[in-house]
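Notes for the one structure printed next.
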Amino acid sequence: MVNAVAGSLLTCSDAATLQYVLFLENEGSLGKSFVYQKLDETHLFVDSAYVDQILAKIDEFSDRNAYELDRGNNSKDSAKPNKAKR
Amino acid sequence: MATVISAGGGANSSEDEGAGDLFDYIGTLDEARVGDLFACRWSCLGVLRHLSPLAKQLVLRLTCVRKGVPLEWLSKSVVAGAQAKGALREALTQLRTLKVLVDVIGEPGRVQLHKAFASQLRASIAAPQISALPWQDGLDGSRGNDKTSGSALMNLEDAALRKWTAILHFIVGSNEYGNPGKRVVKLLVSMGLMGHGGASDRSGTAHNNGVAVLGSSLPQITRQGYEFMLKDIHEQVWIFMKHYTRKVGSPESVLQMLFRMSYCKPGTECSSGTLDETQRSLLGDFDLFGLVQIDESRRDRFFPTSLGVNVVFGQSREERMAAAARAVDLPAQSAQTGASDAAKRVKGEPGMVPMNRRATASSNVFIICETNFKVYAYTESSLHVEMLRLFVNIECILPNLIVAVITRSSIRSAFKLGITGSQIIHFLSENAHPLCKKRHRLVPDNITDQIILWEGERNRVRAQRGVLYKDFQPEEEAVHSAAVAHALENKWLLFQSGPPNMAFVILESKHDEMRAFVKRTRERLRNNVH
C-alpha cells in the first residue's frame, strides 16, 4: 500500500553533512526522532518542525570547526578556534 | 567540493526584477498606454532620440507617409549585403518593440508609423519654435528666476546631490546625513531595498533577526539594496522610477514626465500648472530625491536638476564603454550619421548635462586586495566605508585610505543580510585599483574561492517542504513510474530515488492532486489487467 507523508526534503551538499544530521538523530540531541527516511547519500526526508533546529545545529558545527587568524596580537602562528557565539 | 561551489553559483544566478531600462519598459506597455504616451511630443522626441541610427532614418522617411507601406519598400532603402540586412532586421525589431512601427490592420505585409507618434513628429518639424522647452506655459515671460548660471546653479546642484547622497548613506546605515524622512524610508522598505532584520530566508538566522529588530527600529540593507548600491547613479534613479510606474495607475504619465524633464535645462524655471494629478504628487517625491527643486516661495514653480534631466538619457556604464570603443573605429560609423543629423534637425538634442564633478570624484574607490585577506581601499567617501563595513572588519580609517581585513565572520555577517558572495566579489573587482587592473589581478583567486566556500558552507543543507510517497509494492511499479512522469511533467517533482526503494517527493501543495492521480492510475491499470 502506498503511503504519503508530509515533511521536508533536506538536500545536503555532501554526504558528510548528511551523516552529521544522522548523527544528530542518533544522539537524540533534539529530544525526539525527526528523520522519516534516508532517500540516498545526500537526501533525507525529515519532520518539518525540526528543520530550523537542524540548520542551527549545522551552523554551530561549522562555527566550531572554523579557525581564524587571531589578528589581535599580530602573530601569524597563533590560530585559535573561533568559539561559537551562541 | 565541486558540489559546494555549484551550490554557491546556483544561488548567485538568481536575477532580480530590476533589470531593463526605460525603453525596455516601454516595450512591455500595451497598445493603449503607448498611445497615451505618444500623445506627448517630448516622449515621441525622446523615443526617436533613443533609436539606432538606421531606425531613426526609417522613421524620418516614413514621417510624412500617411498610408501603410510594404515591408519590402523599407528593405530597399538599405544597401545590399548581409551586414546591412542584419542592421535592418535589428532596426525593425527595435521599432516594433517600442510600437513606433505598427502593422496596418487588414493589410498584411504593410507597416506604418504609430499614428500619434507620426503626427507629433510632423508637428515638431512644422513648428519647432513652439515652446522650445517644456513646462513654460503660465510663466510670466520674464526669466529672472532662472538658476541656470553661476552660483545659483551650483547651489541647486549641491542641494540635489546632498538629498540623493543622504538616501544612499541611509541605505548602507551611515548616520552622516541623518534620516531622510519617513516618506523616503517607507518607500525604500516597500521597494525591498531595505528591510527589518535582513532579507535572509535561512531560518538559521532567525535568532539574530529578533535581536536586530529589538536593537534598533531602523531598517537594514537587503540583498536587493546591496545590488542597488553597486549600480550607477542613473540606473539607481531609474529603479526608483520603475517602482513608481508600478505603483501608480498610469505609468505613461510618469514616463511623460521623465521625458519632458530630459528636455529641460537644469535650473530653468518651470511651471507645474499643466501637470496632472499623478504628476503633481510625483513632483513632491522628485523634490525629496533631488531630481527637481520646488521653489519655496512659489509652490507652483520648480527647477529641474541635472540628476533629473539625466534620468532618461544618462549614460550607463556600458554605454560609456561603448562610446569609448566607438571613438576608436569612427570611420565605420560615419555612414550612418546622416540619419542622426536629420534627427537633430527635427529638434535640438537635449544637452547631456555633465554631472557635478564632485559627485564623480568622490564616487571612486580603489581597492587593493591581498592574498592574506587584507583590503586596502583608497577613498574619501564615507559611503564606501559603510559599504565595505558590511563585509570586512575595518582596522583603521585614514583620511584617504581604509585598511581592513576579510574574515569568515565579517563575510558571514554580510551573508546574513542576504548579500551574496558574487556581489562582494563583483564589488571588489569592479572597484579594483587601476594598478591591479593593469596586471589583471583584480582579486586574488584564493580570496574569491574562499568567499564562495564560505557561502557554500552556509548552504550546506537546503530544506523544501514536500510530501513523500513511499512503500510502493513491487507489483505497483507501473503506478510509480506513471506518477513520477506526471509529477515531472507538471514540475511538481522535488526528488525521486532509484528502483530499490521506490519513493519520490513532490511539492506540498500538490498532494491532493497527486493522490487523486495515483488512485486513478491504479484503477485504470487494474481494469486493463482484468
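Structure data summary
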| read-out | value |
| --- | --- |
| Dipole of segment B:466-529, positive end: most advanced residue of B:Phe495, B:Ala516, B:Ala485 [Cβ charges, Cα centre] | B:Ala516 |
| Residue mean of other protein chain beta carbons inside 10 Å, B:454-461 | 6 |
| Spacing of the two label points (7 Å from each Cα toward its C-beta) at A:Ala4 and B:Arg526, in nm | 1.7 nm |
| Fully extended contour minus Cα-Cα distance, from B:Ala516 to B:Val65, at 0.36 nm per residue | 156.2 nm |
| Shielding by partners, peptide B:467-474 (average Cβ within 10 angstrom, other chains) | 5 |
| Peptides B:501-513, B:377-389 ordered by average Cβ neighbours within 10 Å, highest first | B:377-389, B:501-513 |
| Peptide A:11-17, shielding by other chains (average Cβ, 10 Å cutoff) | 6 |
| Burial order of peptide ranges B:368-375, B:47-54, B:431-438 (average beta-carbon count within 10 Å, highest first) | B:47-54, B:368-375, B:431-438 |
| Debye equation applied to the C-alpha atoms of segment B:150-313, log10 I(q)/I(0) at 0.08, 0.09, 0.10, 0.15 Å⁻¹ | -0.27, -0.34, -0.41, -0.84 |
| Cα centroid of segment B:28-43 to Cα centroid of segment B:459-530, whole Å | 50 Å |
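Every read-out reported here was derived from the displayed coordinates using simple, explicitly stated rules and does not represent laboratory data. This is a predicted model, so every value here is computed, not measured. Cβ: placed from backbone, ideal geometry, glycine included. Neighbour counts: every protein chain shown.
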